[in-house]
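Student: Submitted below is the structure of interest, expressed as structure tokens.
The values are calculated or read from the model by the stated rules, or taken from the named source; none is laboratory data. Predicted model only: the values in this text are computed from it and were never measured. Note that each Cβ is placed from the backbone with ideal geometry, even for glycine, and that neighbours are counted across all protein chains shown.
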Amino acid sequence: MIRVLIVEDDFRIAGIHEGFLGELPGVEVVGKVLTGSEAVKAVQEQAVNLVLLDVYMPDTTGVELIPKLRMIRPELDFIIISAAVEHDIVSRLLNQGVTDYIIKPVKKERFIEAIARYKMKRERIGGVSDFDQAVLDRLLGVSVEAEQPAQAQTPKGIDPLTLDKVRDTLQQLDAGITAEEMGEQIGASRTTARRYLEYLISESEAIADLEYGAVGRPERKYFINKNS
């Protein structure tokens, strides 16, 4: 379970983000706070894995708050959600090792994909006892073309980590899976899951068929292409 703290000085926006998180399995919102001082208290009192952090708050900024929170919990991860686009602010936050940076106004699909990537990265790290270079390259998004000359770059909108998760899930299911079911598995929307599944079909790694139920419209079901 990923425990999330929302630090946002607009309670309406915080509520929207809480609603997005409520649609994702394996995620729990442990609190919503409006100020930096409230964020410090929340992190002191609760186990938190991920902070969704605005840059500008009434009593501080995200740049100043991250070091304070990491003094309490060094393992904390941060996703910035802000309208701040100034070079100095953004570069300083990136240098502080934030996991992602989403510019307001937030698109739901972009938000969900950010959380899905974060979940997947945690799962991959947690499932490895000893790291090798290939595993680290995948986690860090490094493409080593010299070692993998036949591996094509994924197109825009296809994240390699998410693609690996979709591929791994598909390989484990002989009975196939719908886009909606895949979305639940990877913590993403049905539209996002369908995009990845259709990409695998375009690469001849997957196939699809229509499954007719007792009532209603037929569903498109995806299977791993065992002949590829």
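Student: Output the residues belonging to the stretch 171-214 that are in a helix (DSSP H, G or I), touching a helix residue (DSSP H, G or I) at 6+ places or on another chain (Cβ under 9 Å) and among the hydrophobic types (A, V, I, L, M, F, W, C).
Tutor: Those that are in a helix (DSSP H, G or I), touching a helix residue (DSSP H, G or I) at 6+ places or on another chain (Cβ under 9 Å) and among the hydrophobic types (A, V, I, L, M, F, W, C): 179, 182, 186, 193, 197, 200.
Student: Does the stretch 3-57 hold any residues that are in contact with a Gly (Cβ under 6 Å, 6 or more places away or on another chain) and under 21 Å from residue 69 (Cα atoms), and which are they?
Tutor: Within the stretch 3-57, 5, 42, 53, 55, 57 qualify.
Student: Considering (1) modelled with pLDDT under 85; (2) surrounded by 15 or more Cβ atoms within 10 Å (Cβ to Cβ); (3) farther than 26 Å from residue 114 by Cβ, say which one residue 223 fails and leave the rest.
Tutor: Of the numbered conditions (1) modelled with pLDDT under 85; (2) surrounded by 15 or more Cβ atoms within 10 Å (Cβ to Cβ); (3) farther than 26 Å from residue 114 by Cβ, the odd one out for residue 223 is (1).
Student: Another question, then. Out of the residues in the stretch 171-192 that are among the small types (Gly, Ala, Ser) and over 13 Å from the mean Cα position of the chain (by Cα), state the one that is farthest from residue 27 (Cα to Cα).
Tutor: If we take residues in the stretch 171-192 being among the small types (Gly, Ala, Ser) and over 13 Å from the mean Cα position of the chain (by Cα), then 175 is farthest from residue 27 (Cα to Cα).
Student: Now a separate question. Is it fair to say residue 14 is at pLDDT 95 or above and either over 19 Å from residue 112 (Cβ atoms) or of a type in the set (Asp, Glu) (or both)?
Tutor: no
Student: More than 30 Å from residue 28 (Cα to Cα), in a helix (DSSP H, G or I), at pLDDT 90 or above and among the hydroxyl-bearing types (Ser, Thr, Tyr): does that describe residue 118?
Tutor: For residue 118, the condition - more than 30 Å from residue 28 (Cα to Cα), in a helix (DSSP H, G or I), at pLDDT 90 or above and among the hydroxyl-bearing types (Ser, Thr, Tyr) - is not met.
Student: Just one of 18, 23 is charged (D, E, K, R) and in contact (Cβ under 8 Å) with a residue 60 or more places away in the chain; which is it?
Tutor: Values: 18 fails: in contact (Cβ under 8 Å) with a residue 60 or more places away in the chain.
Going through 18, 23 in turn, the sole match is 23.
Student: Sticking with this structure for a sec: Yes or no: residue 10 surrounded by 15 or more Cβ atoms within 10 Å (Cβ to Cβ) and acidic (Asp, Glu)?
Tutor: Here the answer is no, as residue 10 does not meet what is asked.
Student: Still on this structure, please answer the following. Among the residues of the stretch 1-34, write down those that are assigned to a helix (DSSP H, G or I) and charged (D, E, K, R).
Tutor: 12, 18
Student: Then there's this: Give 53, 34, 24 a once-over and let me know the one that is within 24 Å of the chain's Cα centre (by Cα), crowded, with 17+ Cβ neighbours inside 10 Å and over 20 Å from residue 99 (Cβ atoms). Outline the logic, then answer.
Tutor: Values: 53 fails: over 20 Å from residue 99 (Cβ atoms); 24 fails: over 20 Å from residue 99 (Cβ atoms).
Answer to the check: 34.
Student: Hey, among the residues in the stretch 200-228 that are in contact with a Ser or Thr (Cβ under 8 Å, 6 or more places away or on another chain) and of a type in the set (Ser, Thr, Tyr), which one's farthest from residue 163 (Cα to Cα)?
Tutor: Only one residue fits best here, namely 228.
Student: Which residue is farthest from residue 83 (Cα to Cα), if the candidates are limited to the stretch 115-139 and must be touching a Phe, Trp or Tyr at 6+ places or on another chain (Cβ under 9 Å) and surrounded by 14 or more Cβ atoms within 10 Å (Cβ to Cβ)? Walk me through it before giving the result.
Tutor: Here is the first cut: in the stretch 115-139, the residues touching a Phe, Trp or Tyr at 6+ places or on another chain (Cβ under 9 Å) are 115, 125, 139.
Checking which are surrounded by 14 or more Cβ atoms within 10 Å (Cβ to Cβ) leaves us with 115, 139.
Details: 115: 19, 139: 27 Å.
Across the stretch 115-139, the extreme among qualifying residues is 139.
Student: Pick from the stretch 181-218 the residues that are among the charged types (D, E, K, R) and exposed (fewer than 13 other Cβ atoms within 10 Å of the Cβ): which of them is nearest to residue 140 (Cα to Cα)?
Tutor: It comes out as 209.
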